[in-house]
Amino acid sequence: MLIREYYDEFPPQSTLKELVYSGAERGGDNCQFIWEDENENQYERTFREVHEEENKLGAFLQLHGIGKNSKVSILGENSYEWHVIYYSLAVDGCIIIPSDPRLPANEIAWQYAECGCEAVFYSEENAEKVDIIKKTPGVAVKQWFAIKDYEKFLNEGESADEKYLKAYHDVPVAPEDLACICYTSGTTGKTKGVMLTHKSIMTDLNASCHALTGENAIGFLPLNHTYAWASGLFASLVRLKWGYICTNLRHVYNDIKKYKPYQFAAVPLIVEMIYNAIISKAKRNGSYEKLMNGIKTSRNFMLSGIDMRREMFSEIHESLGGNLHYIICSGAYLNPEIEEFMHDIGIPIITGYGLTECSPCVAITRMYNYRMGSVGLPIECCEVTVHEPDANGIGELYVKGDNIMIGYYNDPVSTAEAFDGEWLKTGDYGYIDKDGYIFFTGRKKNLIILSNGKNVSPEEIEIHLQKIEYVKEVICYGENGRIVGEFYLDEEEYPDAKQRLKADVAEVNKTLADYKQVAIIRTRDEEFPKTTTMKIIRNKNQK
């Protein structure tokens, strides 16, 4: 049995308020955030400076009657201001509703009405949505704050009577207090508000940071998702390392090269994009065969205990900033071949598994206890088991621990359905090997039920179809008892892709069991719609 290894010691915190204060004190004059505006002007803030702004904003909140248990939403794209607003709301004992800015106005309005949201900080990009939301029956938001007026908020808070700052500091925040309501598709597809306490968030954060060590990072995951909290929003206050705030995904490659992160967190689609860019470049400049031979040589060196990967693949490393040591990847299934390739060139993928209901991390790969294809070992705060495993040991993953949500907001029926006693039913299928490593095989809600009674995870078919060189994206689903493969192809580089597809899918089918073979082929002219964490939306119910 391999041992779950842990890194570093740091003061454990029981509430987000304690975390914010501790991080500011320990971080002091070290840089915490770097970002650029639309004109590429660069800005920096130290931990101390961030905390000073939090205090001013905290006084502003108290001045406007926002405090303990006030339900406040942040509706905006990633920004420096988003971070500070969240920190201040957490210290003020508010219940935070982090809204997805890509959702339509009517859905955001439903969430605000459903949870009784009282105040909203919104970005200029969402001003038109706000106008619609304000007119929606049932929405009872009393105060609207445009994030573009952030400096005015700080000035108002700084000028306020000292009693408001004192009131902000004196707000009692306990581990059992509700910290946020995060709207998600949940484990069964219906939109629900996940209730996370300070205890659940901090338990998960402490365990996650124990399982990983790291340095300077770059953040581009949407801040309304819990994955971004564990990997950046809160982790910076534990690790005391600066992070660059990427506000535009179109600039992410240039930002990585410019700010040279030690690591960053991503979803599989981003890792696939990096992999495809490396392979495509090698094929274009005629170095593909040299790259593959280099990987074989590198593997032989590794077997002898010699690691030459960073030297042998220095050009690739330089294209990614030259300082990238690993990528944390979670949120969906990652092709093991891509994981193996990235490991071979010296940028290991630290895979993880989690869901919003678990605050969000459940398992993380360890740097020196690495098992290819696994999503890692459980973090120290929770237990994982396989419910009713089949002959291959595959069944639904169940989780329990202090990081688990207390339920879905105002939805006791869905809450009861999500639990089996003290175990949370994740809705995900997988197995656990003899050493305790978790392997994810597919999502219950994606299962294809065939006419012969067989259940097939589309992910295990897609992983083979993605090996076709011109396939950019693919999803599989069932239709009238048969399996459909729907493809988005790279016709720019491979003009004959559509003509080749039928024959190439037939070759893939030969490697699959009869009941897993693709019977219907469809192509599309545009990429699949995606969530804000870059996961393909398979059906209208996925959020």
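For the criterion of being among the aromatic types (F, W, Y), outside any strand (DSSP E or B), out of contact with any Asp or Glu (no Cβ under 8 Å at 6 or more places or on another chain) and touching a residue at least 12 places away in the same chain (Cβ under 8 Å), W229 passes. In the stretch 241-266, of all residues being crowded, with 17+ Cβ neighbours inside 10 Å and of a type in the set (A, V, I, L, M), the one that is modelled with the highest pLDDT corresponds to I245. Inclusion of L377 among residues that are more than 20 Å from F234 (Cβ to Cβ) and either over 19 Å from the mean Cα position of the chain (by Cα) or without any contact (Cβ under 8 Å) to a residue 60 or more places away in the chain (or both) is not warranted. Of all residue pairs spaced 6 or more apart or on separate chains, those with beta-carbon atoms under 6 Å, a first member in the stretch 473-485 that is on the phi > 0 side of the Ramachandran plot and a second member that is at pLDDT below 95 and open to solvent by 10 Å² or more (accessible area, probe 1.4 Å) are G481/L450; G481/S451. Just a yes or no: is a residue in the stretch 144-155 aliphatic (A, V, I, L, M) and either within 30 Å of L324 (Cα to Cα) or free of Cβ contacts under 8 Å to residues at least 40 places away in the same chain (or both)? For the stretch 144-155, residues aliphatic (A, V, I, L, M) and either within 30 Å of L324 (Cα to Cα) or free of Cβ contacts under 8 Å to residues at least 40 places away in the same chain (or both): present. The one condition from (1) assigned to a helix (DSSP H, G or I); (2) surrounded by fewer than 16 Cβ atoms within 10 Å (Cβ to Cβ); (3) out of contact with any Leu (no Cβ under 8 Å at 6 or more places or on another chain) that P495 does not meet is (1).
Of the residues making up the stretch 15-29, at least one is under 20 Å from A174 (Cα atoms), touching a residue at least 24 places away in the same chain (Cβ under 8 Å), over 22 Å from the mean Cα position of the chain (by Cα) and open to solvent by less than 10 Å² (accessible area, probe 1.4 Å).
So, in the stretch 416-450, of the ones that are buried (at least 18 other Cβ atoms within 10 Å of the Cβ) and assigned to a helix (DSSP H, G or I), which residue ends up modelled with the lowest pLDDT? Here the residue is N446.
Being crowded, with 19+ Cβ neighbours inside 10 Å, within 26 Å of V130 (Cβ to Cβ) and charged (D, E, K, R) is a condition met by at least one residue of the stretch 184-205. Checking each residue in the stretch 494-508 for being in contact (Cβ under 8 Å) with a residue 24 or more places away in the chain and out of contact with any Phe, Trp or Tyr (no Cβ under 7 Å at 6 or more places or on another chain) picks out K498, R500, D504, V505, V508. Just to check your reading of the model, which residue among W82, W35 is over 28 Å from M195 (Cβ atoms), touching a helix residue (DSSP H, G or I) at 6+ places or on another chain (Cβ under 9 Å) and of a type in the set (A, V, I, L, M, F, W, C)? None of the others qualify; the one that does is W35. The criterion of at least 3 residues that are in contact with a Cys (Cβ under 9 Å, 6 or more places away or on another chain) and open to solvent by 10 Å² or more (accessible area, probe 1.4 Å) is met by the following strands (runs of 3 or more DSSP E) wholly inside the stretch 31-148: 42-46.
The values are calculated or read from the model by the stated rules, or taken from the named source; none is laboratory data. A quick note: this is a predicted structure, and the numbers were derived from the prediction, not measured. Here Cβ is always computed from backbone atoms with ideal geometry, including for glycine, and neighbour counts include all displayed protein chains. These area figures cover heavy atoms from the full protein model, side chains too; ligands, DNA and RNA do not enter into them. Shrake-Rupley method; radii C 1.70, N 1.55, O 1.52, S 1.80 Å.
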